[in-house]
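Each remark here refers to the structure printed beneath this line.
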Amino acid sequence: METTIEQKYTFKDFTSDQEVRWCPGCDDYVILRSMQKALPEMGVKREDVVFISGIGCSSRFPYYMNTYGMHTIHGRAPGIASGVKLANPDLSVWVMTGDGDSMAIGGNHFIHVLRRNINLNIVMFNNEIYGLTKGQFSPTSLVGQKTKSSPYGNTQPPFQPGELALGAGARFFARIGGNVPKEMTQLFIDAHKFKGTSLIEVLQNCVIFNDGCFKNITDKAVKEDKQIFLEHGKPMIFGKNRDKGLILKGLKLEVVTIGENGIAQEDLLVHDAKEKDLTLHQMLVRLEYPVATGIIRSYEDVTLEEREDELTAQVKANSNFKKTDDLFFSGETYTVK
Amino acid sequence: MISDKVKLQPEVIEAVVIRFVGDSGDGMQLTGTQFSDTSAMFGNDIATFPNYPSEIRAPQGSLYGVSGFQVHIGSVEVSTPGDNLDLLVAMNPAGLKTNLYAVKPGHTIIVDTDAFSKKNLEKAQYETNPLEDGSLENYRIIQVDMTSLTKEALKEVEGLDNKSIVRSKNMFALGMVYWMYGRSKEHTIEFFNKKFKTKPNLIEANTKVLNAGYFFAETLELIPNAYTISPAKMKPGTYRIIMGNTATAWGFLAAAEKSGLELFLGSYPITPATDILHELVKHKHFGVKAFQAEDEIAGIASAIGASFAGDLAITTTSGPGLALKGEALGLAMIMELPLVVVNVQRGGPSTGLPTKTEQSDLLQAMYGRNGESPVIVIAASTPADCFQYAYEAAKLSLEHMTPVILLTDGYIANGSAPWKIKSLKDLPEIKNRISKNASEDFHPYERDEETLARNWAIPGTAGLEHRIGGLEKDRITGNVSQAPENHEKMTKIRAEKIKRVQNFIPDIKTEFAETGDLLVIGWGGTYGSLHSAVKQINEDGYKNIGFAHFNYINPLPKNTEELLTRFKKIIVCELNNGQFAKILRINFEGFKIHQFNKIQGLPFGNNELIAEFKKLVD
């Protein structure tokens with residue numbers, strides 16, 4: 001694990017000298033500032049932090065962080081980040097990616113990094129559109145959505161990122177609106193603390209090519225009624241008046257109102273993010289109303305590095321090979337005089 | 001009778017080429033390996049080459065399911081697995097049919113007659129039995145009921161099923177060949193003891209069958225004489241038999257230890273490169289991190305990540321995999337990170353001939369990336385020198401801060417030969433360029449004046465935090481820059497950095513003649529074939545034929561052009577359609593460069609090369 005430190009950083013220590021070049025009003029600014037505020041709270045040394053990105057608007061992120069960073073190629077950030085982490089498990093490694101980068105061109109790497117459970121963090125900026133190439137549909141765009149590459153409406157059904165991630169074995173999955181810096185900052189800290197691959201989906205508004213795509217979920221006026229912010233160990237309750245909640249009816253989640261039809265708060269489901277079984281977590285990520293935000297799943301498991309370390313220690317303890325010469329001159333050799 | 005006794009005196013010969021063939025499940029690779037290892041320990045020079053089908057277990061007895069292992073042993077220098085056979089051991093009709101062409105007329109073929117059933121003859125598409133129809137009268141055929149004799153030898157061993165009994169008949173054949181060439185059985189019996197440690201009945205069975213074959217050959221009147229091949233004159237030292245892919249893997253192990261770095265391999269299985277992965281995963285005791293990724297791209301991507309984090313990072317592949325890695329390799333190149341990409345070439349294009357050899361990825365290695373993206377390209381030339389060139393690839397990569405492509409091929413990767421073991425203390429120093437000290441004015445793209453290599457600042461080092469990436473960068477600070485002059489300048493700096501590697505690599509040397517009528521040029525895995533052909537033509541009375549073999553392709557050695565001026569004629573021989581010849585023409589104008597190309601998935605034969613050389617000098 002990363003060494004913790006006494007020294008207290010502020011967000012300025014994580015701000016690079018590069019001018020930020022996202023469009024004015026983009027949620028990416030919120031993500032950047034939330035991260036710069038979260039890092040001083042993590043107790044990690046600046047030189048131990050590495051941001052890796054692929055290609056897309058999201059992937060400019062590393063340039064703006066005064067840490068180690070690599071802006072790499074489209075879709076491959078999980079592979080590159082895995083190499084960084086396996087080479088030096090003491091680093092805090094972050095993959096900054098988008099919906100196209102992670103689930104279209106990088107889909108293969110995305111599912112495999114989640115399957116392996118390497119202790120790194122992924123922040124996925126989901127804006128349901130390709131921004132940097134100026135407005136084509138992405139793997140999360142909706143059917144019927146009109147974009148530059150679907151002028152008559154998109155015909156390809158979308159991925160639900162959480163469903164895909166949990167299906168691939170994600171141990172940590174959280175979702176958050178792009179306009180709530182305080183909650184987002186806390187989620188980054190929680191993701192950092194989690195041992196294993198953590199994935200945070202940010203519902204990120206693209207002001208230019210898909211403006212308002214999450215309006216009905218994230219706008220201040222509606223968010224409390226349209227989102228359920230999940231917390232481990234707490235009842236699944238939501239609504240401006242805190243009077244709505246979720247129960248399980250048969251194999252489906254159902255929205256109920258406290259006080260109606262004999263429903264009391266005790267009847268609501270209690271969120272267990274740490275449960276190994278995926279069933280309820282899958283239902284929650286699929287839910288269209290209310291949209292589940294917060295930490296949906298946080299199941300701690302053995303990481304790839306831990307398995308590798310254990311094996312390496314075992315092999316080292318049982319091996320006679322300390323230096324390459326021991327190997328090269330071992331076994332069937334013969335001497336010519 | 002007297003004449004028979006005279007014949008029984010072992011005949012002394014210099015070298016012999018033997019091929020063992022059978023079904024892909026018959027254990028021919030094992031038989032061949034045992035024979036070559038035993039011969040090497042006896043002191044012979046050896047070269048081997050396995051030849052197996054791309055099907056794992058092709059239908060029994062079929063022509064395309066034949067698996068073979070060829071070994072060339074000599075009391076003289078042996079540089080190839082040999083062309084034509086002195087002895088063919090054929091375990092079934094399909095093996096005989098597909099390999100008969102290679103047997104020298106008048107030479108020996110051993111067959112298992114039990115396998116020449118009607119069914120097997122049909123599968124091998126024989127209309128009549130070749131053992132009975134007189135079609136083999138130009139050869140010395142030794143017919144042995146190997147399967148029956150094996151069963152007979154094992155009738156008292158308990159706990160064996162019929163399948164295990166029949167499968168051990170390869171050891172009967174090996175026993176016979178051991179006797180014929182005066183080899184000791186000891187090494188193989190030791191091998192049984194180790195391999196079947198927990199299964200004593202298998203040790204007993206295999207030893208019995210090996211002995212049965214050996215004594216059968218000794219007593220059999222059908223074998224009129226035996227051969228002696230004396231130990232070869234080799235440089236003093238400690239040797240072992242090594243396969244090319246193992247030597248490659250070990251070269252990286254040595255480079256990691258010498259440079260003080262940990263070794264990281266990111267790889268995805270692909271024939272014929274996978275054995276490098278198989279070898280490196282074993283060496284966790286040296287702290288090797290071998291990561292089998294989800295695909296070729298993640299293989300190189302993880303290696304790039306590990307390189308950024310300060311490991312000696314490599315990725316291994318074959319042609320199609322190199323194509324997939326192209327974009328990421330360009331990234332490593334513009335980020336100027338050390339990285340070695342091993343391409344064990346096979347027949348292409350596309351899936352091509354996965355188990356056969358070719359040298360057709362040279363231009364891909366040179367130019368197969370978008371943009372102006374030169375990297376160092378070097379090539380190993382023998383199974384044993386895969387060690388040296390893997391080590392050299394790592395050294396150049398770390399000292400010049402650039403990706404290096406190391407080309408080997410299926411022929412040398414799967415072939416084996418004696419390797420004079422290199423101790424770490426005898427290997428050249430490797431200086432990595434890791435920056436340790438934080439300084440106010442650290443710039444990631446500041447360069448060493450001599451090599452133009454940048455410094456390597458790795459995560460975890462306080463004060464050196466920086467960002468790099470695939471976008472063009474300012475030539476000092478490394479910040480993103482789209483400035484027109486900066487891009488042109490950076491493009492030229494990256495090219496010059498590779499060119500300056502010329503100052504750190506040896507000049508190209510010639511063998512057999514310094515100057516003269518014909519210069520034979522080769523590169524990479526064809527060294528053995530070309531060397532032996534040029535040697536022979538010079539021995540045949542052609543005195544002025546020189547040979548130059550290239551291991552450094554990008555950049556080429558400094559004296560390459562001067563070399564070309566020293567001979568009247570030049571011929572470039574390669575297992576592709578003329579790729580290295582093209583590179584020479586691009587670089588050096590005004591030379592008439594002849595080509596000899598073979599694109600059959602097979603190495604060059606001695607005779608075809610000599611015939612080609614003679615056309616140019618006669």
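Among the residues of the range A:95-129, those that are crowded, with 24+ Cβ neighbours inside 10 Å and part of a helix (DSSP H, G or I) comprise A:D99, A:G100, A:D101, A:S102, A:H109, A:F110, A:V113, A:L114.
Among the residues of the range B:282-298, those identified as within 27 Å of A:I73 (Cβ to Cβ) and either within 9 Å of chain A (Cβ to nearest Cβ) or of a type in the set (A, V, I, L, M, F, W, C) (or both) are B:V288, B:K289, B:A290, B:F291, B:A293, B:E294, B:D295, B:I297, B:A298. Looking at the range A:166-200, which of its residues are basic (K, R) and part of a strand (DSSP E or B)? Within the range A:166-200, A:R175 is the sole residue that qualifies.
Inside the range B:478-498, residues that are part of a loop (DSSP other than H, G, I, E, B) and surrounded by fewer than 15 Cβ atoms within 10 Å (Cβ to Cβ) make up a count of 2. The set of residues in the range B:14-59 that are hydroxyl-bearing (S, T, Y) and either outside the structural domain of B:N99 (by TED's automatic domain parsing) or touching a Leu at 6+ places or on another chain (Cβ under 7 Å) (or both) contains only B:T31. The set of residues in the range B:91-122 being small (G, A, S), over 17 Å from B:D133 (Cα atoms) and assigned to a helix (DSSP H, G or I) consists of B:G95, B:A102. Among the numbered conditions (1) away from chain A (no Cβ under 14 Å); (2) surrounded by fewer than 23 Cβ atoms within 10 Å (Cβ to Cβ); (3) touching a strand residue (DSSP E or B) at 6+ places or on another chain (Cβ under 7 Å), the only one that B:K97 does not meet is (3).
Residues that are among the acidic types (D, E) and either under 23 Å from B:S24 (Cβ atoms) or within 29 Å of the chain's Cα centre (by Cα) (or both) within the range B:146-196 comprise B:D161, B:E186, B:E190, listed in sequence order. Considering the range B:570-618, the residues that are free of Cβ contacts under 8 Å to residues at least 24 places away in the same chain and part of a helix (DSSP H, G or I) include one that is surrounded by the fewest Cβ atoms within 10 Å (Cβ to Cβ), namely B:I586.
When residues in the range B:453-483 are screened for being touching a His at 6+ places or on another chain (Cβ under 8 Å), more than 13 Å from chain A (Cβ to nearest Cβ) and modelled with pLDDT of 95 or more, 1 of them pass. Filtering A:K45, A:K37 for residues that are within 30 Å of A:V207 (Cβ to Cβ) and among the charged types (D, E, K, R) leaves a single hit, A:K37. Can you confirm whether A:L132 is crowded, with 24+ Cβ neighbours inside 10 Å and either within 13 Å of chain B (Cβ to nearest Cβ) or farther than 20 Å from A:F159 by Cβ (or both)? Answer is no for this residue.
Scanning the range B:417-452 for residues that are within 10 Å of chain A (Cβ to nearest Cβ) and part of a strand (DSSP E or B), we see that the one that is surrounded by the fewest Cβ atoms within 10 Å (Cβ to Cβ) is B:K420.
With respect to the conditions (1) surrounded by 24 or more Cβ atoms within 10 Å (Cβ to Cβ); (2) over 17 Å from A:A191 (Cβ atoms); (3) at the interface with chain B (Cβ under 7 Å from one of its Cβ atoms); (4) not β-branched (V, I, T), A:A81 falls short on a single one, namely (2). Taking (1) assigned to a helix (DSSP H, G or I); (2) buried (at least 19 other Cβ atoms within 10 Å of the Cβ); (3) within 14 Å of another protein chain (Cβ to nearest Cβ) in turn, B:V501 satisfies each apart from (3). Only strands (runs of 3 or more DSSP E) whose full extent lies in the range A:227-337 are considered here, and the ones with at least 2 residues that are modelled with pLDDT of 95 or more and away from chain B (no Cβ under 14 Å) are A:227-230, A:244-249, A:252-257, A:291-298.
When each of B:E358, B:E279, B:E327, B:E294 is tested for being part of a loop (DSSP other than H, G, I, E, B) and surrounded by fewer than 23 Cβ atoms within 10 Å (Cβ to Cβ), the lone residue that passes is B:E294.
The values are calculated or read from the model by the stated rules, or taken from the named source; none is laboratory data. Every value quoted in this text rests on a predicted model; they were computed, and no experiment measured them. Cβ sites come from the backbone with ideal geometry, for glycine too, and all protein chains shown count toward neighbours.
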